[in-house]
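Computed from the coordinates by the stated procedures, all read-outs in this text should not be read as laboratory data. All values derive from a computational prediction rather than experimental measurement. For neighbour counting, all protein chains shown are included, and Cβ atoms are generated from backbone atoms with ideal geometry for every residue, glycine included.
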Amino acid sequence: MNNSTQVVACPLCHNHFSHSRRNVGRDATVYGYGLDFRLVPRDCNISSDVVSCPECLYTSRIQDINGSIPGHVKELVRSEDYMNVFRDKRGEDRAARSWVALISILDTKRLNPRDLGILSLKGSWVARELGSLETETELLTLADAYLEDSLRRGLTKGDPGMTIYMLGEINRRRGEYLKGRETLTFLGNNPRYRYPALLLTVLIEEEDSTPYWSHHPPDRMERHSPGFKGLFPALRSIPPRKIDFSPDELREETHRHDEDDGQRF
């Protein structure tokens, strides 16, 4: 397998370090979208290119590494409170729990709960790709609590529909199907989220908690999908730490992605 080295800037402590990227040669610039808006390379379920800062242990999927971290916490990430959250962990669990530690520090800064909820969700993506599924569940639970708080307090940054939709998806992923279904009813006829909410409702009725992704971001599914069943974009699940791919997964996609990079957060 081909590798290439790139210099990465940690968005948390601003340390610069080298990272050896895997899967060079595949078209990893062509993405599909998770129902929770995560970007996933469309040609396969790549789940191995996770980068960790050697200074503060901030861990991220490589496609998310350029995101900003709010709260100005550089001086706190070496504190005892930060390190104690994952001091007794090893390997991938240690890397995954760095997100729990980060969010516990950010919580003390009294950030907008909507921001804390989105960060918790992003941390769950990293935990899943590392195979740390207990930490994934913990981070999804945090995301649910923070986003629910932001909705209750009207701190949704002008887009309550996004928060309601995300609460439906997060609770589906957590297996909290009744809560997810009840939350989605508050979307009403919101045109941006009507179609993906319909999909989530079907998955909730089937008690399916698998993470899915499609060719289109959730807020564009209706535009590209004139019918719900059959014509809906092909959905595929994202298993943790997937390393084996079928020929169909590795073939070059002829259907190209939208110009929009899909990064909603």
Exercise. Under the Karplus relation 6.51 cos²θ - 1.76 cosθ + 1.60, θ = phi - 60°, what is the ordered set of whole-Hz ³J(HN,Hα) values for the stretch 5-12, x standing for Gly and Pro?
Worked result: 10, 9, 8, 10, 9, 5, x, 8
For this session: For the stretch 114-131, just list the computed ³J(HN,Hα) in residue order, Karplus coefficients 6.51, -1.76 and 1.60, θ = phi - 60°, integers in Hz, with x standing in for Gly and Pro.
Result: 5, 5, 5, x, 5, 5, 4, 4, 4, x, 5, 5, 5, 4, 5, 5, 7, x
Problem set entry | Other-chain or far-sequence residues with amide H under 5 Å of residue 212's (modelled H) | 35
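On a full-extension model of 0.36 nm per residue, what is the gain between residue 107 and residue 224, subtracting their alpha-carbon distance, rounded to one decimal in nm? Before the final figure, lay out the partial values.
Values: separation 117, 0.36 × 117 = 42.12 nm, distance 3.87 nm.
Stretched out fully, the residue 107 to residue 224 stretch lengthens by 38.3 nm.
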Problem set entry | Hz values of 3J(HN,Hα) by residue in the stretch 213-218 - Karplus curve (6.51, -1.76, 1.60), Gly and Pro given as x | 9, 9, 6, 10, x, x
Problem set entry | Distance (nanometres) between label positions extended 7 Å along Cα→Cβ at residue 81 and residue 209 | 3.1 nm
